[in-house]
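Peer 1: Have a look at this one.
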Amino acid sequence: MTDAAGLRHLPGYLNAREQTLVLQRVRAVISDAPPFVPRMPRTGRPFSVRMTNCGPLGWVSDQAGGYRYQATHPETGRPWPAMPPMLIDLWRALTAYPAQPEACLINFYAAGARMGAHRDADEEDKAAPVVSISLGDDAIFHVGGARRNDPKQRIRLRSGDVVVLGGAARMAYHGIDRILPATSRLLAESGRINLTLRRVNKA
Ligand code: MD3
Ligand code: FE
């Protein structure tokens, strides 16, 4: 469903076979670009979520440099692995954006991991949509408005769900409250994986 603000939740968009195919692409990415632990700017406090990326640009964060996109893995120094064509196809099918996504951020949530309320503001092209793909255990996702204290709605995201954020929702505060353990059998190791396809630079 799409709400007035431009949040489009597509429950079960990917079937079990398609989820397995996306997972295979994720496994190939992490074999070249191992998940790292991002750290908060200034404090250096670690995130509970581990991350990696594929595509020409990847999102990283550390104490000294803060939130940013860069072309290389922060630990290996290598360029990020290529964006799998399957993900580019998904972006094309779901958005009207006139160019390919530049970054696919891959978030790994173990049982106790969460992501506090934040806005995605590190992209130059803030008009471009964001496409999110959920794999593995269910998550309680919240999304509010342009101000931190705006009322929030909560959505349970399940394996295979896709969310497209456009319009006003693109700049809304959002986060992951918690992961519901053992709600999916997709991942042998349990937990949750989220992929976000993003445009960084203006087309
Ligand atoms: C709503 N990830 O990586 S994806 C992030 O499930 C992030 O890992 C969450 O927030 C996750 O920045 C949520 C869904 C999502 C992505 C971008 C948004 C929701 C959004 C941007 C604006 C509003
Ligand atoms: Fe976000």
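Peer 1: Using only DSSP helix segments of four residues or longer, with each worth -39500 (n - 2.57), what per-residue ellipticity at 222 nm results for the chain after dividing by its residue count and rounding to 500?
Peer 2: When only DSSP H runs of four or more count, the value is -4500 deg cm²/dmol.
Peer 1: Something else: State to the nearest 20 debye the size of the charge dipole of segment 7-198 about its Cα centre, where the only charges are +1 on K and R beta carbons and -1 on D and E beta carbons. Write down the numbers at each step before the final one.
Peer 2: Details: 25 positive and 17 negative charges, 104 e Å.
Once rounded to the nearest 20, the dipole reads 500 debye.
Peer 1: Still on this model: For segment 170-189 and segment 44-101, write down the distance between their C-alpha centroids in whole Å.
Peer 2: When both Cα centres are located, 19 Å separates them.
Peer 1: Something else about it: So between Asp32 and Ala93, what do we pick up on full extension, going 0.36 nm a residue minus the alpha carbon distance?
Peer 2: Result: 19.2 nm gained on full extension.
Peer 1: If packing is taken as the mean number of other Cβ atoms within 10 Å per residue, what is the order of 76-84, 187-195, highest first?
Peer 2: By packing density, highest mean first, the sequence is 187-195, 76-84.
Peer 1: Can you tell me the FRET efficiency between Arg78 and Arg114 if r is taken as the Cβ-Cβ distance and R0 is 25 Å, rounded to the nearest 0.05?
Peer 2: Efficiency at R0 = 25 Å is approximately 0.30.
Peer 1: Between rounded, prolate and oblate, where does segment 5-51 land on the alpha carbon gyration tensor, with a ≥ b ≥ c its root eigenvalues, rounded for a/c under 1.5, else prolate if a/b exceeds b/c?
Peer 2: Oblate.
Peer 1: Right, here's the next one. What ratio of Cα Rg to 2.2 N^0.38 Å holds for segment 1-109?
Peer 2: Cα-based Rg divided by the globular estimate yields 1.18.
Peer 1: Work out the charge dipole of segment 8-62 with +1 on the Cβ of Lys and Arg and -1 on the Cβ of Asp and Glu about the Cα centre, then indicate which of Ser48, Gly12, Trp59 is farthest towards its positive end.
Peer 2: Ser48
Peer 1: I've got another one for you. How are the alpha carbon pair distances in segment 7-198 distributed across 5 Å bins from zero to the largest one, expressed in percent?
Peer 2: That works out to 1, 8, 16, 21, 23, 19, 9, 2, 0, in percent per bin.
No value in this document is a laboratory result; all are computed from the given coordinates. Keep in mind that this is a model prediction, so the values were computed, not measured. Here the Cβ is made from the backbone with ideal geometry for all residues, glycine too, and neighbour counts use every protein chain on show.
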